[in-house]
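One structure is given below, encoded as structure tokens.
The values are calculated or read from the model by the stated rules, or taken from the named source; none is laboratory data. These figures come from a predicted structure and were not determined experimentally. Note: ideal-geometry Cβ built from the backbone for every residue, glycine included; neighbour counts use all protein chains shown.
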Amino acid sequence: MDILTEWLVWLETHPRIVIGLSVFSLLMFIGTLLALPWLITRIPPDYFAPPHRKRSRFAKTHPLLRWDLLILRNLIGLLLLLAGILMLFMPGQGLLTILVGLILMNYPGKYRLERWLNQRPALLRAINALRVKRGAKPLEF
């Protein structure tokens, strides 16, 4: 039996999981459509201007709270990353969900990746058009 046949058999024998993942995928799609414009306009215009990330506003909070928030954020990011990978094979916005998961997580080189992605001309035009439409200043680099 090849892998594709095994995968199809698994899908047929686990309809509740497939339905659950499909509903989750649809909710993620709707959530992304609603949250993304709001999140994009919340980015300060000069956020990507410095070559290195500024110190976090949470750096002065109590260490336990800071670590709790960091762990929670990374767990949510990891869940979104895994869900996005699943959505590559199922209905949903897999690449967008992977991107949101990567943005939430902390890892070396994240700021450079964010700057690089946002400097792509097509993406920067789309982001700045959305920001201007919602009354926010365009991003500066």
Scan the stretch 49-60 and tell me whether some residue there is modelled with pLDDT of 85 or more and basic (Lys, Arg). no
Output the number of the condition that LEU95 fails; it satisfies all remaining conditions of (1) free of Cβ contacts under 8 Å to residues at least 12 places away in the same chain; (2) surrounded by 13 or more Cβ atoms within 10 Å (Cβ to Cβ). (2)
Criterion first (over 30 Å from LEU8 (Cα atoms), of a type in the set (Lys, Arg) and surrounded by 14 or more Cβ atoms within 10 Å (Cβ to Cβ)) does ARG120 satisfy it? no
Here the residues within the stretch 1-38 that are farther than 30 Å from ALA126 by Cα and surrounded by fewer than 10 Cβ atoms within 10 Å (Cβ to Cβ) are MET1, ASP2, ILE3, LEU4, THR5, GLU12, THR13, PRO15, ARG16
Condition test on MET105, is it modelled with pLDDT of 85 or more, hydrophobic (A, V, I, L, M, F, W, C) and surrounded by 15 or more Cβ atoms within 10 Å (Cβ to Cβ)? yes
Looking at the stretch 69-91, is at least one residue exposed (fewer than 11 other Cβ atoms within 10 Å of the Cβ) and charged (D, E, K, R)? no
